[in-house]
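The values are calculated or read from the model by the stated rules, or taken from the named source; none is laboratory data. Note that this is a predicted model, so its numbers are computed, not measured. In this analysis, Cβ positions are derived from the backbone assuming ideal geometry, glycine residues included, and neighbour counts consider all displayed protein chains. Each accessible area value is taken on the protein alone, full model and side chains, heavy atoms only, with ligands, DNA and RNA left out. Shrake-Rupley method; radii C 1.70, N 1.55, O 1.52, S 1.80 Å.
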Amino acid sequence: MSPRSLPLNAIDAFLVTARHLNLTHAAKELCLTQGAVSRKIAALENWFGFPLFERHARGLHLSPQGSALLPELRGAYEQLVAVAFQARSQQTVVRLKAPTCAIRWLVPRLVNLEQRSPELQVALTTTTDHTINFKTEPYDAAIVFGTQLSAGDLLFEEALTPVISHALAQRNALETATLLHPTRDKTDWSLWLARQSAFQPVMSKNQHFDTMDLAITAAIQGLGMAIADETLVAEDIEAGRLLRPFSQSVRTGASYRLVLRETENKAAGLAAFREGLLSANQASHGGASPGERSSDGHA
């Protein structure tokens, strides 16, 4: 008989029934009917080829074979459970949804989180969708972007500023540079230009992208001057890939926030993920608080 035919799910029924020596009590603990418990034990007896219990008028008794087998099966089952729980406690997979525009900010912090908490594994999904619906989407956590958001933890508020490559800036090309837009319209550039008067280019040369990350990448490669969130380009500026030709930034009223699914089986892992991501974010702000938090921290 093939080892794969061993009815493993019946072993628990045998162990519980052997402890109670009562089908009614065993069925109650297993949340099964008495008939279902009897069928599991019968399947196990059929596989072994000998009875595990002797049925008497006053109840069940272990058969000699069942009595001899019980300690071995109990020890093996407890070891299996211990191994499973140890593996579960060692690693938690956090399914994270994040908008593509936040990747430049997010990836360095995930690297930091992985180094500090190797037991956490983040399964990242990027999307142009800035919202989350935990009732219909299979994620444990999400970074959401928008205005008038209050759920979860504030990561940072959007503040727009122009950025350009050093090579393009050295050619004194600010006035004639192609304006790189992170959306299909000119909203972000128009918002920034409306708040200052020193720089008023004619929007005759424009390049539009589907995400801010693409616009930033194009600016790094010297295609033109992008309008970007100052937090998202902070590391590019620090590394010398970009520079800010103007010091002024304009807040849009939008923000990025971290929200978590309310779940019991991953509560500890999600709490560790949240703490690690917020700590990495706080460290990047020089120890300043990343922002206020809602009362429950969940969507």
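Output the residues belonging to segment 88-112 that are in a helix (DSSP H, G or I), closer than 30 Å to Ile220 by Cα and not hydroxyl-bearing (Ser, Thr, Tyr).
From segment 88-112, those in a helix (DSSP H, G or I) are 88-90, 100-112; that's our starting set.
Cutting the leftovers down to closer than 30 Å to Ile220 by Cα gives us 100-112.
Of everything in segment 88-112, those that are in a helix (DSSP H, G or I), closer than 30 Å to Ile220 by Cα and not hydroxyl-bearing (Ser, Thr, Tyr) turn out to be Cys101, Ala102, Ile103, Arg104, Trp105, Leu106, Val107, Pro108, Arg109, Leu110, Val111, Asn112.
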Of (1) surrounded by fewer than 14 Cβ atoms within 10 Å (Cβ to Cβ); (2) among the small types (Gly, Ala, Ser); (3) outside any loop (DSSP other than H, G, I, E, B), Ala218 satisfies every one except (1)
Residues of segment 93-118 being open to solvent by 70 Å² or more (accessible area, probe 1.4 Å) and touching a strand residue (DSSP E or B) at 6+ places or on another chain (Cβ under 9 Å), in sequence order, are Arg95, Glu114
| task | Determine whether segment 119-128 contains at least one residue that is surrounded by 13 or more Cβ atoms within 10 Å (Cβ to Cβ), of a type outside the set (A, V, I, L, M, F, W, C), more than 34 Å from the chain's Cα centre (by Cα) and closer than 27 Å to Leu243 by Cα. | result | no
Note on segment 235-246: residues surrounded by 18 or more Cβ atoms within 10 Å (Cβ to Cβ) and out of contact with any Ser or Thr (no Cβ under 8 Å at 6 or more places or on another chain) are Asp236
Within segment 249-278, the residues that are among the polar types (S, T, N, Q) and free of Cβ contacts under 8 Å to residues at least 40 places away in the same chain are Asn265
Checked segment 192-213 for anything touching a residue at least 60 places away in the same chain (Cβ under 8 Å) and either surrounded by fewer than 16 Cβ atoms within 10 Å (Cβ to Cβ) or part of a loop (DSSP other than H, G, I, E, B) (or both); matches are Asp210, Thr211
The lone condition Phe85 fails out of (1) farther than 30 Å from His20 by Cα; (2) open to solvent by 20 Å² or more (accessible area, probe 1.4 Å); (3) not in a strand (DSSP E or B) is (1)
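A quick yes/no check of all residues on (1) modelled with pLDDT under 95; (2) polar (S, T, N, Q); (3) in contact with an Asp or Glu (Cβ under 6 Å, 6 or more places away or on another chain):
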{"site": "Gln79", "(1), (2), (3)": "yes, yes, no"}
{"site": "Val83", "(1), (2), (3)": "yes, no, no"}
{"site": "Gln90", "(1), (2), (3)": "yes, yes, yes"}
{"site": "Ala102", "(1), (2), (3)": "yes, no, no"}
{"site": "Arg109", "(1), (2), (3)": "yes, no, no"}
{"site": "Asp129", "(1), (2), (3)": "yes, no, no"}
{"site": "Ile132", "(1), (2), (3)": "yes, no, no"}
{"site": "Thr147", "(1), (2), (3)": "yes, yes, no"}
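Could you check how many residues of segment 155-177 are surrounded by fewer than 19 Cβ atoms within 10 Å (Cβ to Cβ) and either in a loop (DSSP other than H, G, I, E, B) or not hydrophobic (A, V, I, L, M, F, W, C) (or both)?
Matching residues across segment 155-177 total 9.
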Inside segment 54-82, the number of residues satisfying the requirement of being closer than 12 Å to Asn22 by Cα, surrounded by 15 or more Cβ atoms within 10 Å (Cβ to Cβ) and free of Cβ contacts under 8 Å to residues at least 40 places away in the same chain is 0
